[in-house]
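Undergrad: Have a look at the structure that comes next, please.
The values are calculated or read from the model by the stated rules, or taken from the named source; none is laboratory data. Treat the numbers as computed from the prediction; the structure is a model and nothing was measured. All Cβ positions, glycine included, derive from the backbone under ideal geometry; neighbour counts span all protein chains shown.
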Amino acid sequence: MPEAHRVIPNNQKLSFIAASRRPASRRPAPATPPRAPRARAFLKIQTGCDHLCTFCITRIARGKAQSRPPRDIIKDAQNLHHTNAAREIILTGVDIASYNHNRIQLGALARLILNAIPSLSRLRLSSLDPAAIDPALLRLIAEEPRLQPHLHLSIQAGDSIILKRMRRRHDRQDIIRLAEKLRSIRPDIALTADLIAGFPTETETMFQRTRDIIKECRLAAAHVFPFSPHPETIAARMPQLPKTLIHERARILREDSATARLRHLKSLDRQSLPCLMETPRSGKTPCHALVETERDQAVGGIPTLRLSRDGDRLIGREA
Ligand code: SF4
């Protein structure tokens, strides 16, 4: 993983934490230069999933949902920020929207992390199930600028019958209402989504509804997956669409996604935004758009850049 800056095997994690707590030696410490700021670090907060989407093998492969204790997560976050100098922490897991440890849900956890680390510039969430976004998370999105204004939603389809056959916990109207709500509380938010093309029984009309959801929710982009049945799933036993049709629909959705991305880039044109530099010549806006620079910037720095669109690229110049 290119963003990972240190990988600690599970069986060495405790000794790593213990080592970091050992009292300082009386001998003068060797002069070690401070670590250069890192751009981003991933922090796993849970694993597994309690749902049974008919296309998904994760439940079978990863087992039931397990949420890590907030205290351990905060310690890891402090370590990533203070020791490894991460400017942005991304909370990850199989189903982070269902995070729940002794009734502490994702919104409360994110607030605890931000309160515990006032100097952390950015906290970001990985993919979210739209059915499980808790009220505390909505409040945090509205109130806390350090929670980055980008959500990647596991929407999968825009047609309610297909969503039911997928055994998702939201329908079309739920997604539209959620997108409206998110925009009303955080106008600069960018929404992206996973979409599946050619799910079993998907008619042309149903497919069009999935195309429409990109516009109706004003998505900034979609990750499109052509449906591919896994033999152990329920969806594999449903009436399948021809492969050529599945791939043609995926192609169309990807084109729609490219159009949506362009629309999003146009909305960023001429804005001045803080960009977290991940390489000397590229960084990310708060809403996770890629920005290229013409001059080298410090990796891990967050300069405010004035953005201009060049085709499907964003160029950032020092504001
Ligand atoms: S798609 Fe997501 S929510 Fe559904 S079973 Fe798989 S991991 Fe769980």
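Undergrad: Picking from Pro229, Pro130, Pro200, which residue would you name as being within 16 Å of the ligand (Cβ to nearest atom) and outside the structural domain of Glu248 (by TED's automatic domain parsing)? Step through it out loud before you land on a result.
TA: Working: Pro229 fails: outside the structural domain of Glu248 (by TED's automatic domain parsing); Pro200 fails: outside the structural domain of Glu248 (by TED's automatic domain parsing).
Going through Pro229, Pro130, Pro200 in turn, the sole match is Pro130.
Undergrad: Taking the stretch 200-233 only, how many residues are in contact (Cβ under 8 Å) with a residue 60 or more places away in the chain, over 30 Å from Leu290 (Cβ atoms) and crowded, with 17+ Cβ neighbours inside 10 Å?
TA: 1
Undergrad: Now a separate question. Mind telling me which of the residues Ala260, Ala289, Ala250 ends up being farther than 19 Å from Ala190 by Cβ and either surrounded by 16 or more Cβ atoms within 10 Å (Cβ to Cβ) or under 25 Å from the mean Cα position of the chain (by Cα) (or both)?
TA: Details: Ala260 fails: farther than 19 Å from Ala190 by Cβ; Ala289 fails: farther than 19 Å from Ala190 by Cβ.
After applying the criteria, what remains is Ala250.
Undergrad: Just the residues that are surrounded by 21 or more Cβ atoms within 10 Å (Cβ to Cβ), more than 12 Å from the ligand (Cβ to nearest atom) and assigned to a helix (DSSP H, G or I), please, taken from the stretch 146-164.
TA: Once the filter is applied, which keeps residues that are surrounded by 21 or more Cβ atoms within 10 Å (Cβ to Cβ), more than 12 Å from the ligand (Cβ to nearest atom) and assigned to a helix (DSSP H, G or I), the stretch 146-164 yields only Ile162.
Undergrad: Does Arg281 satisfy being surrounded by fewer than 16 Cβ atoms within 10 Å (Cβ to Cβ), without any contact (Cβ under 8 Å) to a residue 24 or more places away in the chain and assigned by TED's automatic domain parsing to the domain that holds Ile161? Write out each step before concluding.
TA: Details: surrounded by fewer than 16 Cβ atoms within 10 Å (Cβ to Cβ): yes; without any contact (Cβ under 8 Å) to a residue 24 or more places away in the chain: yes; assigned by TED's automatic domain parsing to the domain that holds Ile161: no.
So Arg281 does not fit the description; no.
Undergrad: Then there is this: Among the residues of the stretch 52-66 satisfying the criterion of being crowded, with 17+ Cβ neighbours inside 10 Å and out of contact with any His (no Cβ under 9 Å at 6 or more places or on another chain), which is farthest from Thr201 (Cα to Cα)? Spell out the reasoning first.
TA: Within the stretch 52-66, the subset crowded, with 17+ Cβ neighbours inside 10 Å is 53-56, 59, 65.
Applying the additional criterion that residues be out of contact with any His (no Cβ under 9 Å at 6 or more places or on another chain) yields 53-54.
Values: Cys53: 16, Thr54: 13 Å.
Within the stretch 52-66, the match that is farthest from Thr201 (Cα to Cα) is Cys53.
Undergrad: Shifting gears a bit: Considering the stretch 95-105 alone, what residues qualify as being surrounded by fewer than 20 Cβ atoms within 10 Å (Cβ to Cβ) and out of contact with any Asp or Glu (no Cβ under 6 Å at 6 or more places or on another chain)? Walk me through it before giving the result.
TA: Taking the stretch 95-105 and keeping what is surrounded by fewer than 20 Cβ atoms within 10 Å (Cβ to Cβ), we get 100-105.
If the condition is that a residue be surrounded by fewer than 20 Cβ atoms within 10 Å (Cβ to Cβ) and out of contact with any Asp or Glu (no Cβ under 6 Å at 6 or more places or on another chain), then Asn100, His101, Asn102, Arg103, Ile104 are the ones that fit.
Each row is one residue, and each column tells you yes or no for (1) more than 18 Å from the chain's Cα centre (by Cα); (2) loosely packed, with under 14 Cβ neighbours inside 10 Å; (3) at pLDDT 90 or above.
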{"site": "Glu3", "(1), (2), (3)": "no, yes, no"}
{"site": "Ser15", "(1), (2), (3)": "yes, yes, no"}
{"site": "Ser20", "(1), (2), (3)": "yes, yes, no"}
{"site": "Arg26", "(1), (2), (3)": "yes, yes, no"}
{"site": "Arg35", "(1), (2), (3)": "yes, yes, no"}
{"site": "Arg68", "(1), (2), (3)": "yes, no, yes"}
{"site": "Ile73", "(1), (2), (3)": "no, no, yes"}
{"site": "Gln78", "(1), (2), (3)": "yes, no, yes"}
{"site": "Arg87", "(1), (2), (3)": "no, no, yes"}
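Undergrad: Where residues in the stretch 106-127 are within 16 Å of the ligand (Cβ to nearest atom) and crowded, with 19+ Cβ neighbours inside 10 Å, which of them is nearest to Met277 (Cα to Cα)?
TA: Going through the qualifying residues, I end up with Leu125.
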